[in-house]
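Written below as structure tokens is the structure these notes are about.
The values are calculated or read from the model by the stated rules, or taken from the named source; none is laboratory data. As the structure is a prediction and not an experimental result, all values here were calculated from the model. Neighbour counts run over all protein chains shown; Cβ positions are idealised from the backbone, glycine included.
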Amino acid sequence: MLQFVAAGLVALIVLIVGSGWLSKRAATAEAIADARATTRLLATTVVQPALTRGLVRQQSASLDRFDVFALKRLIVGDVLRIKIWDSTGRIVYSDETRLIGQRFTLGQAELRVLETGGTAAAVSDLTEPENRYEKNWGPLLEVYTQVRVRGGQPLLFEAYYSYDDVSRRSEAVLAAFRPITVAGLLIFVALTIPVVWVLARRLDASAAERERLLMAAVEASEAERRRIARDLHDGVVQDLAGISFGASATARELTDRPELAGRVEALGTRIRQSLRTLRSLLVEIYPPDLRTEGLAAALDDLVAPALASGVQVELDVDDTSSVGEEATALTWRVAQEAVRNALRHGHPSKLSVRVGVRGDTVSLDVVDDGVGFDPRMPAREGHLGLRGLRDLITESGSTLTVESAPGSGTAVRLETAR
């Protein structure tokens, strides 16, 4: 929930900034559109009716009359300067009288408006020669539109506005919409948070229920495996142990029939081997109770299949009675996986398992002389082995090293705090 709220606040800030930028652009476009509309209105209702052929011919009387008219009716409000051009680029009239009669090159936008009508707006380039008298006014917006003299000659009417005024108009438009935008986003977040809260609670409840069902299934599986292991241990294992002892006793009594005694003793040996194998299977079905049976007994059962298959096994376990349960369980799990991998994939002739307790450290070494492998190669699908225990080993602060090479066997070493 906190992550959602934090993400929502970040998204809200981004939306406010983004919408503010877009609104600023829209407001600026609206302010420029107002300037274009004002220019168009001045051109059609004020300038065009006052244009005369004498003004176009630069007659002094016509220029004087239009100058008085322009200063009174045109240079008002936001309009800072006006210019009227003919198609040759000559300035027919400007309130800056030093420009009247001078010629400058018209741009493509100005010529298009002069020929086809409409309006165009652009930020003034104050470095242009025709704008040399406006350099000290700061950024300007110039707007063009077409006007006609009586008789039909088209002229280009140009009005200059302070771009600061455009920015102020833009800010005014933006200020009117900003509270609506921000309030709308805040209301949306305020309405969304309770919905997300309810959904999060439902997800938590659903996850808790799934976890409860999973734990129940795991506990049921563990209980069933424990029951099977207990039944086998208390039934078949005890029966086989009794039969093996009986066979050995019978073999000792058959002193007068040595051939039969040897066969009975061999039968007892086979039964004891099968018994060790069965005990190893019990370890696979359900791990031993390390607190009561001890790590040494569990490891002895673990290497029983190796002995039964003819592998020479060396098992050396120090006294682990003072070792904590977590360290004992981790040592057992790593030993189980290392021995299992050695027998399944390494095909060794010798296997050594040593557990040492030195100071505050418990060490496990599982060494075999099998076929080995390249530890740098990724594990094949379904063969994660010890790599699946690395997270558990890392979390416990322990270290695991695996040294191996093709044809050189494998050495696994675990060091963990006791």
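Do we have A27 as assigned to a helix (DSSP H, G or I) and either modelled with pLDDT of 90 or more or not assigned by TED's automatic domain parsing to the domain that holds L156 (or both) here? So A27 fails the test.
Among residues belonging to the stretch 231-270 that are in a helix (DSSP H, G or I) and among the basic types (K, R), point out the one that is nearest to L307 (Cα to Cα). Quick ask: steps written out before the conclusion?
First, the residues of the stretch 231-270 that are in a helix (DSSP H, G or I): 231-253, 258-270.
Okay, now just the ones that are also among the basic types (K, R), so 252, 263, 270.
Working: R252: 25, R263: 22, R270: 13 Å.
Top of the filtered list is R270.
Of the residues in the stretch 293-303, at least one is part of a helix (DSSP H, G or I), surrounded by 13 or more Cβ atoms within 10 Å (Cβ to Cβ), touching an Asp or Glu at 6+ places or on another chain (Cβ under 9 Å) and at pLDDT 85 or above. Among residues of the stretch 148-172 being at pLDDT 80 or above and polar (S, T, N, Q), the one that is nearest to the chain's Cα centre (by Cα) is S162. For the residues E222, E284, the requirement of being within 30 Å of V357 (Cα to Cα), modelled with pLDDT under 80 and not assigned by TED's automatic domain parsing to the domain that holds V355 singles out E284.
Of the residues that make up the stretch 50-57, is at least one assigned to a loop (DSSP other than H, G, I, E, B), assigned by TED's automatic domain parsing to the domain that holds Q153 and crowded, with 20+ Cβ neighbours inside 10 Å? Looking for residues that are assigned to a loop (DSSP other than H, G, I, E, B), assigned by TED's automatic domain parsing to the domain that holds Q153 and crowded, with 20+ Cβ neighbours inside 10 Å, one finds at least one in the stretch 50-57, hence yes.
Can you report the number of residues in the stretch 121-162 which are without any contact (Cβ under 8 Å) to a residue 24 or more places away in the chain and either outside the structural domain of D78 (by TED's automatic domain parsing) or β-branched (V, I, T) (or both)? Step through it out loud before you land on a result.
Pass one, the stretch 121-162, residues without any contact (Cβ under 8 Å) to a residue 24 or more places away in the chain: 122, 125-127, 131-132, 135-136, 142, 152.
This time we only want the ones that are either outside the structural domain of D78 (by TED's automatic domain parsing) or β-branched (V, I, T) (or both), so: 127.
Qualifying residue count for the region: 1.
Here the stretch 124-166 is the region considered, the condition is being small (G, A, S) and surrounded by fewer than 16 Cβ atoms within 10 Å (Cβ to Cβ), and the residue that is farthest from G107 (Cα to Cα) is G151.
Out of everything in the stretch 133-147 that is in contact with a helix residue (DSSP H, G or I) (Cβ under 9 Å, 6 or more places away or on another chain) and not in a strand (DSSP E or B), what residue ends up being modelled with the highest pLDDT? Quick ask: steps written out before the conclusion?
Here is the first cut: in the stretch 133-147, the ones in contact with a helix residue (DSSP H, G or I) (Cβ under 9 Å, 6 or more places away or on another chain) are 133, 138-147.
Checking which are not in a strand (DSSP E or B) leaves us with 133, 138-139.
Details: Y133: 89, G138: 82, P139: 85.
Checked the stretch 133-147; the qualifying residue modelled with the highest pLDDT is Y133.
Of the residues in the stretch 7-16, not one is among the aliphatic types (A, V, I, L, M), more than 30 Å from P179 (Cα to Cα), in contact with a helix residue (DSSP H, G or I) (Cβ under 8 Å, 6 or more places away or on another chain) and at pLDDT below 90.
Scoring E115 on the criteria (1) of a type outside the set (V, I, T); (2) under 19 Å from Y161 (Cα atoms); (3) modelled with pLDDT under 90 leaves a single failure, condition (2). Residues considered: V334, V353, V323, V357. Of these, the only one that is part of a helix (DSSP H, G or I) and in the same structural domain as G409 (by TED's automatic domain parsing) is V334. Considering the conditions (1) free of Cβ contacts under 8 Å to residues at least 24 places away in the same chain; (2) surrounded by 11 or more Cβ atoms within 10 Å (Cβ to Cβ); (3) within 30 Å of L9 (Cα to Cα), T192 is excluded by exactly one of them, (1). The residues of the stretch 314-333 that are buried (at least 20 other Cβ atoms within 10 Å of the Cβ) and under 14 Å from S352 (Cα atoms) amount to a single one, V317.
Looking only at the stretch 88-122, residues that are basic (K, R), part of a helix (DSSP H, G or I) and more than 27 Å from A29 (Cα to Cα) come to 1 in all.
Within the group E325, E395, E337, E415, which residue is among the charged types (D, E, K, R), modelled with pLDDT of 90 or more and within 39 Å of the chain's Cα centre (by Cα)? Only one candidate passes the filter, namely E415.
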